[in-house]
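Take a look at the structure below.
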Amino acid sequence: MSPAPLTDRHGRTHRSLRISIVDKCDLRCTYCMPEDQRFLPREELMTRAEIAAIARLFVEHYGVTKVRLTGGEPLVRPDAVDIVRDLSALGVSLGLTTNAMSLDKHLDDLIDAGLGSINISLDTFDAERFRRITRRDGFGRVRANIGLALQRGLRVKVNTVVMRGVNDDELLRFVELTREHPVHVRFIEFMPFAGNRWGRERVYTHAEMLGHIGSVHSFEKLDDDPHSTAKAYRVPGWPGTFAVISTVTEPFCSGCDRLRLTAEGRMRNCLFAREETDLLSAFRRGEDIAPLIEANVLAKQAMLGGLPPFRPERQQDVLHDLSVRPMVSIGG
Ligand code: SF4
């Protein structure tokens, strides 16, 4: 029987699933993990077998074709490579988002297990600034592991959260990476999540980024996949590309095909969803979770999980209505 696509009330069909496999991380990024963050006990997290079984349902029953593993930091989970192996056996396009702190220890095994593309989070080229943003040392390791992943032939994307007055002065340094390597740098507008002290004034916007880069480089607009989160560009003749994820100033929800699963098996139909559906408890009781999945998709809001637009004059409404879940337990 051919898969029944997961289409919401707004006509969007969902083919992409982001699975957070752990809520812990070996970094403590200020825009992602609140200082008083508590972590879930292991028994509340999906097991390797549960992740494989639930993912298989999304793939075989609903036609999901793209899976990305996230966290917290997925590589702090001891069976991360096994999970990659299980999911690549489903024949999906498989990716992983990581802070690359321990990537060198797992890279060959991840590639053997079927990993094809990797998103590496890096917000600065300054070791001291890295320490301030992540509350840990490790810039050298992450920088070296980006090089290693490129050497091994993985498709590498570098995710950079741009925050005004924090790292917006490094945009050109990141664009230089695309002169040197066939890497895809993605500048992410700073988004509001519980506990990350978001303010609209701290958002360095898509338009500002292009103005900044354009003051030094001429660049061309590239075609974007209709479901892409990023607007892509290239400096002509350079091997790499850069892009902007403009969720705050130019949301792209009309083409959204993404669904999410938290580490404890709760389904979220949007990054900013305030409602979640507990799939894992029902799954552990041996119940059919398909009706829960379908109801969750039908409840998806048209934009931003139903939050008000992230405009300066609506800032207090946005902060008031935010989901209580911090970024670290949603996943990138
Ligand atoms: S804000 Fe929600 S609906 Fe919009 S693109 Fe992101 S995940 Fe999709």
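The values are calculated or read from the model by the stated rules, or taken from the named source; none is laboratory data. Since this is a predicted model, take the numbers as computed values, not measurements. Because the Cβ atoms are built from the backbone with ideal geometry, glycine has one as well, and the counts that use them run over all protein chains shown. Heads up: the accessible areas ignore ligands, DNA and RNA and are worked out on the full protein's heavy atoms, side chains in. Shrake-Rupley method; radii C 1.70, N 1.55, O 1.52, S 1.80 Å.
Applying 1/(1 + (r/R0)^6) with R0 = 25 Å to the Cβ-Cβ distance of Asp137 and Phe39 gives a FRET efficiency near 0.75.
Relative to the longest principal axis of the Cα atoms of the chain, the long axis of helix 171-180 lies at roughly 80 degrees. Entry note, the chain: relative contact order of 21 percent, from Cα contacts under 8 Å with a spacing of 6+ residues.
When segment 6-329 is described by a simple charge dipole with +1 on each Lys and Arg Cβ and -1 on each Asp and Glu Cβ, the residue from Gln37, Ser246, Ala49 located farthest towards its positive end is Ser246.
Working note: Debye formula, equal point scatterers on the alpha-carbon atoms of segment 6-329, no solvent; log10 I(q)/I(0) at q = 0.10 Å⁻¹ is -0.56. Taken one residue at a time, the phi angles of segment 39-45 give Karplus couplings (6.51, -1.76, 1.60, θ = phi - 60°) of 10, 6, x, 3, 5, 8, 7 Hz. Gly and Pro are set to x.
Apolar share of the accessible surface for segment 6-329: 50 percent from carbon plus sulfur atoms, 1.4 Å probe. Across the options Ser215, Leu261, Val22, the greatest Cα extent toward the positive end of the charge dipole of the chain (unit charges at beta carbon of Lys, Arg, Asp, Glu) belongs to Ser215.
Placing dummy labels 7 Å off each Cα toward the beta-carbon, the span from Arg129 to Asp224 is 2.5 nm.
With the alpha-carbon atoms as the only input, what is the per residue convex hull volume for segment 1-153 in Å³?
Numbers: hull volume 21.4 nm³, N = 153.
Per-residue hull volume (Cα only) is 140 Å³.
Under the convention that each Lys and Arg Cβ holds +1 and each Asp and Glu Cβ holds -1, the size of the dipole of segment 6-329 around its Cα centre is about 180 debye. To the nearest ten degrees, helix 139-151 and the longest principal axis of the Cα atoms of the chain are 80 degrees apart.
Mean sequence separation of contacting Cα pairs (under 8 Å, at least six apart), scaled by the length of segment 145-210, corresponds to a relative contact order of 36 percent. Couplings 3J(HN,Hα) of segment 251-265, computed from phi: x, 10, 5, 5, x, 5, 10, 9, 10, 9, 10, 7, 4, 9, x Hz, in residue order, whole Hz [Karplus 6.51 cos²θ - 1.76 cosθ + 1.60, θ = phi - 60°; x for Gly and Pro]. Amide H to amide H distances under 5 Å link Val158 with Ile120, His184, Val185, Arg186, where only residues 5 or more positions off or on other chains count and H is placed in the peptide plane.
Each residue of segment 87-102 was assigned a 3J(HN,Hα) from its phi angle through the Karplus expression (A = 6.51, B = -1.76, C = 1.60, θ = phi - 60°), giving 6, 5, 5, 7, x, 8, 7, 10, x, 9, 9, 9, 8, 6, 4, 10 Hz with x at Gly and Pro. Taking every protein chain into account, the accessible area of the chain amounts to 42 square angstrom per residue (probe 1.4 Å).
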